[in-house]
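What follows is one structure encoded as structure tokens, with my remarks underneath.
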Amino acid sequence: MNQLNEIDYGTPARLSERMITLEIDGVNVDVPAGTSVMRAAMDAGISVPKLCATDSLEPFGSCRLCLVEIEGRRGYPASCTTPCEPGMKVKTQTSKLADIRRGVMELYISDHPLDCLTCPTNGN
């Protein structure tokens, strides 16, 4: 498979004899213990937005675009650094998450130089 067509699962695969079952956007997913929520979502065919995550590096949760809602938890953890737990119920797409992600992207864009040669804001 050509490198451009490979799927990037966002975080490295984990190996474990113990399997965990969780629910992501209403879909039951079985993954090895230690798997990130982001990787489990991708295993289920559910894409979580990301900028800094790649399966070739250990996750560090910097970009904050991969935030998710987990039933029974406060806040919005980064899916790339959150390990799956048995019975966990995760939502990856809600109006609140969309608002937070939009705000994060607006902050990134507000600091982007307007004379960038590779984007349309420079007039080309």
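Seen from all directions on average, the chain presents a Cα convex hull projection of 9.6 nm². Each Cα pair under 8 Å and six or more residues apart adds its separation to the average, and for the range 1-96 the resulting relative contact order is 32 percent. Of the trypsin sites (Lys or Arg not before Pro) in the range 28-84, the ones in a loop by DSSP (not H, G, I, E or B) with at most 16 other beta carbons within 10 Å are R73, R74. Counting heavy atoms of the protein chains alone, E58 has an accessible area of about 110 Å² for a 1.4 Å probe. Between the Cα long axis of helix 95-110 and the first principal axis of the chain there is an angle of about 40°, rounded to the nearest 10. Its DSSP H runs of at least 4 residues, each contributing -39,500 (n - 2.57), put the calculated 222 nm mean residue ellipticity of the chain at -5500 deg cm²/dmol, to the nearest 500. Rolling a 1.4 angstrom probe over the protein heavy atoms with all chains in place gives the chain an accessible area of 63 Å² per residue. Of Y9, Y108, the residue with the largest accessible area leads and the full order is Y108, Y9 (1.4 Å probe). Calculated on the alpha-carbon coordinates, the convex hull of the range 9-65 measures out at 72 cubic angstrom per residue.
The values are calculated or read from the model by the stated rules, or taken from the named source; none is laboratory data. Keep in mind it's a predicted model, so treat the numbers as computed, not measured. Counting neighbours? That spans all protein chains shown, and the Cβs are built from the backbone with ideal geometry, glycine included. Remember, those area values only see protein heavy atoms, side chains included, never the ligands or the DNA or RNA. Shrake-Rupley method; radii C 1.70, N 1.55, O 1.52, S 1.80 Å.
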